[in-house]
Amino acid sequence: MKPDELRNLAQKEDELRKSYRYRINVCCSSGCMPFGALKVLSAFKDAVKESGVEEECYVARTGCIGTCSIAPAVLVEPGDYLYQNVTPEKAKEIVKEHIVNNRPVKSMLYGNEAYFKKQLRIVLRNAGKIDPLRIEDYIAVGGYYALLKALTRMTPEGVIEEVALSGLKGRGGAGFLTGLKWRYVARATGSPKYVIANLDEGDPGVFANRTLAEADPHAIIEGMTIAAYAVGASKGYIYVRSEYPLAVETLKKAIEAAKSMGLLGEKIFETAFSFDIELRLGAGAFVAGEETAILASIEGRRAMPRPRPPYPAQSGLWGKPTLINNVETLANIPVILLKGSEWFSSIGTKNCTGTKCFSLTGKVNNPGLIEVPMGITLREVVFEIGGGVPPGRRFKAVQVGGPSGGFLPEQLLDLPIDYESLTKAGAIMGSGGIVVLDDTSCMVDTAKFFTEFCVDESCGKCTPCRAGLYKLYKILDGFTQGEGDIQDLDKVEDLCEFIKEASLCGLGQTAPNPTLTTLKYFRDEYVSHIVEKKCPAGKCFKDGGGAGS
Amino acid sequence: MSKTVELTIDGKKVAAKEGDNILKVARENNIYIPALCYLEGVSSLGGCRVCVVEIRGSPKVFASCVTPVAEGMEVITDSERLRRYRKWAIELLLAERPHVCSVCVANGNCELQQLATELGVDHLRVDRKWTNYELDLTHERFAYDPNRCILCTRCIRVCDEVEGVHAIDLMLRGKNSKVIFDLDDKWGFAESCTSCGKCSAVCPVGALYVKGKPLSEVKKKELVSFVMSRRSEKTIG
Amino acid sequence: MPDGVQQTGLKTDRRLTLLEAAIKKHQYRKDALLEILHIAQELYGYLDKDLLTHISKLLRLPPSHVYGVATFYNLFKLKKPGAHVVTVCMGTACYVKGAEEIVSAIERDFNVKRGGTTPDGKLSLFVTRCIGACAMAPNTIVDGETIGKATPDEVLKKIRAVVGVEKVEAR
Ligand SMILES: Cc1cc2nc3c(=O)[nH]c(=O)nc-3n(C[C@H](O)[C@H](O)[C@H](O)COP(=O)(O)O)c2cc1C
Ligand code: SF4
Ligand code: SF4
Ligand code: SF4
Ligand code: FES
Ligand code: FES
């Protein structure tokens, strides 16, 4: 594709878009699909045809809008009218009233402005508003312009500098400065170089990366291609969790579309730069998302992490310099190049710029996918965006950071969300899971649940994680059945310290967080289990009806 | 090509080849660091975490067998914290499977047992797991008891890197990991095995052994003869 | 097929032809093992020892290496699954919303353990960690159909309808 062709296509698409008075976006992502989204989509298409408004109203199959709790969700533009729990019957009515008679159907709307008010969508800028399977849709909203700019008007070093100045930190968990990482890879000797986009997202209850891939795959591809240009890589892999069939399918088609338009492949935009992307499927191993394990997995081996150094930047895939970035990190890149690092760093906090996507789940009224500026407080997320806990229940704790994130109590809700504050409080940013618990959840049981997850997912290489976590699980399991005594709590803390400090990789190093934070903030619940043989939430002691009786 | 670097280990100045790991350098200089999965002559695993050390300036601990030396590095091999961690590592390994020394073929010749004594592990703070793997006696000369295995992968590395066969690997993962021959076949039916005996010679515990031969005899001699002298160190995952 | 590869216990059929074609397409590269296992499982439904032996021979990989990889990843099944498959999501969101109760109810009523298959081979029960529909938690998939915000009773009813039995008596 020549630079002019991109501009012409964008203009043509934009005009086409504007020729419609209405656009109906039907969410067909994994969240809405199981609940009949495709039937709703065809119902809309039929209704539009039957009502003879085909010329005025465009029906688009889009990715996730972010309000997964009202699946299937439908967004009507202009005006961003969001309809909830749409059925084929409701679709007919919406077309008749909203499109034909220009009267939005109030009773079917999701009347929840608070959910969107505090959100800021950069990564999810196009989610729910474009058809992920039409590359033209992406181009119409400015897609691939950043790539054009990078390739034709910036040096690789210039791109790295811009990303570095933006302050962007890796969204995959560790929060490493992206510009700095790129610089390491760019300076490393060895050829070819590789780029890996990490879409393993094995954390249970986290679906932000999946949603991004399903809703806006080209943002990932464009970001990745820019990264490749910056570090001098010629080949890229997107490593996707195999449990995400729709994301896999969407990415596959998006890569094909980009290739057929010449946005991937040889001599992109008639420059000397060539880049190709292949998809690699995971196979059900959380630890494969760890950066050295992902290398082993792409090389067809057991996904066991290895000690670093050497870092992947020096010695990655097949011993060559390799850049590994999370897909959310990469999706930020096109926007940074187009709007500038200064604009980006004005969002969020001084040390933590930009936004973060979170999957908000658990005992909260409005679960779903959200994107918020860094520095927002947990209270705003849980109570304003999330609408608080269900009626009649009391908030107990919020877990941030996936299975190895810590639990924070009510008194820490005013904590701003950024890497430093969360880590200090014993939670982590992780890949962006926020789980809300109310008074029906038992903290001991919950710590046990997450420890069990890590036991199942431990690769088994090192003693603290393989053997230590299992013993930790057994002790916690004992507590939930009335075993153990109060001295055990010190032993648990000591064991947790060993696992945290002596484990080889991030899995073991963070796995004790749920236990440590519940011990710190909810110690009374442990005491009550051990001493009084009572579970305050009424979850444990099911079999014996309370071992203390 | 290889540069020399200078560092201190427990205050003692030593010179080392760049790229070598701390444990190897310490041993060359007669400084003792307890270790278990490490085996000179094959790649390092960094799994058992018994060989942890501290490096001045960092709050973390490092497995010395996989941490390369660096110019000016100050290594500390002994501290209250390190002893505490090493003790946990040994205790957890002892509790992971039924290690009852009195009835084990390796009694008296077991590296795990030795370390337990040395580090003062006299009781276990966590419950023992009574795994119930079948004892494999199908090979005419060797025996394999998974109930004693500590998953150090020395056997796997030596079979792959020294014998060049790769008859052994791990199956499953995490706490369910198990050392297997071929497709989890009985040893006597594992076609890849050349019956060289290297694996049983390097097994630190009583999991792989030569039938009917006292362990003291097999281990010491053979270990020296074919492993110690092999290849220079290479550190991979 | 390259020289020196003996026939294993696999039947020569369309599936084998497709598998071998895929391996050839990957140029017999050892690092394509994971992708080959994906394809093999898709074709055969599960990976038995004959199949793994065959793959190890074609890719010239040690059998223990192939077995190690196939058993490391949860997705690969080494045993034949039941005629009907129920998968309950035990991810965080679903667990918090009561997935455990659903699993135990199925275990109890159909005499099957998680990860296992009923003695008559009719039903397999698997648990998974997050299918990505957390906002609709708890989620259960019965033969490919997702039931969101499900109660144990709804799920049991659905399974009974699919499997066509009331209850499997404990023996
Ligand atoms: C056990 C474990 C699992 C991980 N899983 C993921 C994952 O699913 N996705 C991801 O992007 N990063 C994951 N990471 C973090 C990666 O190792 C790595 O830091 C990240 O992909 C780097 O990208 P970033 O700099 O853009 O954040 C995981 C880390 C650990 C220790
Ligand atoms: S910490 Fe756990 S997952 Fe990581 S290398 Fe050790 S055993 Fe494997
Ligand atoms: S006897 Fe030799 S070939 Fe056989 S498994 Fe042991 S090390 Fe490998
Ligand atoms: S069998 Fe012996 S050498 Fe092999 S992993 Fe187990 S303990 Fe280590
Ligand atoms: S000897 Fe270093 S980790 Fe085992
Ligand atoms: S936790 Fe069940 S769908 Fe995410």
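The values are calculated or read from the model by the stated rules, or taken from the named source; none is laboratory data. Everything quoted here is computed from the prediction, not taken from an experiment. Glycine gets a Cβ as well: all are built from the backbone with ideal geometry, and neighbour counts include every protein chain shown.
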Residue that is farthest from ligand 6 (Cβ to nearest atom) [pool: residues in segment C:68-83 that are over 11 Å from the mean Cα position of the chain (by Cα) and not aromatic (F, W, Y)]: C:G68
Every listed condition ((1) modelled with pLDDT of 95 or more; (2) among the hydroxyl-bearing types (S, T, Y); (3) touching a helix residue (DSSP H, G or I) at 6+ places or on another chain (Cβ under 8 Å)) holds for A:Y115 save (1)
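Yes or no, residue by residue, for (1) away from ligand 2 (no atom under 16 Å from the Cβ); (2) of a type in the set (S, T, Y); (3) modelled with pLDDT under 95; (4) outside the structural domain of A:K520 (by TED's automatic domain parsing):
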site: A:E420; (1), (2), (3), (4): yes, no, yes, yes
site: A:A425; (1), (2), (3), (4): yes, no, yes, yes
site: A:M429; (1), (2), (3), (4): yes, no, yes, yes
site: A:G432; (1), (2), (3), (4): yes, no, yes, yes
site: A:K448; (1), (2), (3), (4): yes, no, no, no
site: A:V455; (1), (2), (3), (4): no, no, no, no
site: A:K461; (1), (2), (3), (4): no, no, no, no
Select from segment B:160-174 the residues that are assigned to a helix (DSSP H, G or I) and under 25 Å from A:C465 (Cβ atoms) and list them in ascending order. B:D160, B:E161, B:G174
The lone condition B:P34 fails out of (1) closer than 22 Å to B:V158 by Cα; (2) surrounded by fewer than 23 Cβ atoms within 10 Å (Cβ to Cβ) is (2)
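Could you please find all residues in segment A:493-518 being aliphatic (A, V, I, L, M), away from ligand 2 (no atom under 13 Å from the Cβ) and buried (at least 22 other Cβ atoms within 10 Å of the Cβ)? First the steps, then the outcome.
Keep residues of segment A:493-518 that are aliphatic (A, V, I, L, M), which gives A:495, A:499, A:502, A:504, A:507, A:511, A:516.
Filter again for away from ligand 2 (no atom under 13 Å from the Cβ), leaving A:495, A:516.
Once the filter is applied, which keeps residues that are aliphatic (A, V, I, L, M), away from ligand 2 (no atom under 13 Å from the Cβ) and buried (at least 22 other Cβ atoms within 10 Å of the Cβ), segment A:493-518 yields only A:L495.
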Result of the Cβ filter at 6 Å on segment B:101-130, keeping first residues that are under 11 Å from B:V50 (Cβ atoms) and partners that are in a loop (DSSP other than H, G, I, E, B), at least 6 apart or interchain, is B:E111/B:P204; B:L112/B:V205; B:L115/B:P34
Quick one: in segment C:72-95, of everything that is within 7 Å of another protein chain (Cβ to nearest Cβ) and crowded, with 24+ Cβ neighbours inside 10 Å, which residue is modelled with the highest pLDDT? C:F72
The condition from (1) away from chain B (no Cβ under 14 Å); (2) in a helix (DSSP H, G or I); (3) touching a Gly at 6+ places or on another chain (Cβ under 9 Å) that A:T446 misses is numbered (3)
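Using the structure shown, decide if A:V26 is farther than 18 Å from A:R125 by Cβ and touching a Phe, Trp or Tyr at 6+ places or on another chain (Cβ under 8 Å). Quick ask: steps written out before the conclusion?
On the way: farther than 18 Å from A:R125 by Cβ: yes; touching a Phe, Trp or Tyr at 6+ places or on another chain (Cβ under 8 Å): yes.
For A:V26, the condition - farther than 18 Å from A:R125 by Cβ and touching a Phe, Trp or Tyr at 6+ places or on another chain (Cβ under 8 Å) - is met.
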I need the full set of residues from segment A:490-520 which are away from chain B (no Cβ under 13 Å) and over 15 Å from A:G401 (Cβ atoms), in order please. A:L519, A:K520
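Could you please let me know if A:W318 is modelled with pLDDT of 95 or more and either within 14 Å of another protein chain (Cβ to nearest Cβ) or buried (at least 18 other Cβ atoms within 10 Å of the Cβ) (or both)? Give the steps one after another, and end with the answer.
Numbers: modelled with pLDDT of 95 or more: yes; either within 14 Å of another protein chain (Cβ to nearest Cβ) or buried (at least 18 other Cβ atoms within 10 Å of the Cβ) (or both): yes.
The answer is yes for A:W318.
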Sort out which residues of segment B:93-152 are part of a loop (DSSP other than H, G, I, E, B), within 14 Å of chain A (Cβ to nearest Cβ) and acidic (D, E), and write them in order of number. B:D127
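Restricting to segment A:461-513, name every residue that is in a loop (DSSP other than H, G, I, E, B) and under 16 Å from A:G426 (Cβ atoms).
Of everything in segment A:461-513, those that are in a loop (DSSP other than H, G, I, E, B) and under 16 Å from A:G426 (Cβ atoms) turn out to be A:A511, A:P512.
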Inspect segment A:235-253 for any residue being away from chain C (no Cβ under 14 Å) and either in contact with a Cys (Cβ under 9 Å, 6 or more places away or on another chain) or within 23 Å of A:S346 (Cβ to Cβ) (or both) and give the result as yes or no. no
In segment B:178-217, which residue that is assigned to a loop (DSSP other than H, G, I, E, B) and at the interface with chain C (Cβ under 9 Å from one of its Cβ atoms) is nearest to ligand 2 (Cβ to nearest atom)? B:D184
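Please work out which residue is surrounded by the fewest Cβ atoms within 10 Å (Cβ to Cβ), limiting yourself to segment A:37-55 and to residues that are outside any helix (DSSP H, G or I) and touching a helix residue (DSSP H, G or I) at 6+ places or on another chain (Cβ under 8 Å).
The extreme case among them is A:E54.
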In segment B:38-56, which residues are under 21 Å from B:L119 (Cα atoms), in contact with a strand residue (DSSP E or B) (Cβ under 7 Å, 6 or more places away or on another chain) and of a type outside the set (A, V, I, L, M)? B:G46, B:R49, B:C51, B:E54
Scan segment B:113-136 and give yes if some residue there is at pLDDT 95 or above and within 16 Å of ligand 3 (Cβ to nearest atom), otherwise no. yes
Requiring at least 1 residues that are away from ligand 4 (no atom under 16 Å from the Cβ) and without any contact (Cβ under 8 Å) to a residue 12 or more places away in the chain, the strands (runs of 3 or more DSSP E) wholly within segment C:82-170 are C:145-147
Out of all the residues in segment A:450-460, is one or more more than 14 Å from chain B (Cβ to nearest Cβ), part of a helix (DSSP H, G or I) and touching a helix residue (DSSP H, G or I) at 6+ places or on another chain (Cβ under 6 Å)? yes
Tell me which residues, restricted to segment B:51-70, are more than 8 Å from ligand 5 (Cβ to nearest atom), touching a helix residue (DSSP H, G or I) at 6+ places or on another chain (Cβ under 9 Å) and hydrophobic (A, V, I, L, M, F, W, C). B:V53, B:I55, B:V61, B:F62, B:V69
Complete set of residues in segment C:18-41 that are surrounded by fewer than 20 Cβ atoms within 10 Å (Cβ to Cβ), more than 11 Å from chain A (Cβ to nearest Cβ) and either in a helix (DSSP H, G or I) or touching a residue at least 12 places away in the same chain (Cβ under 8 Å) (or both): C:L18, C:E20, C:A21, C:A22, C:K24, C:K25, C:Y28
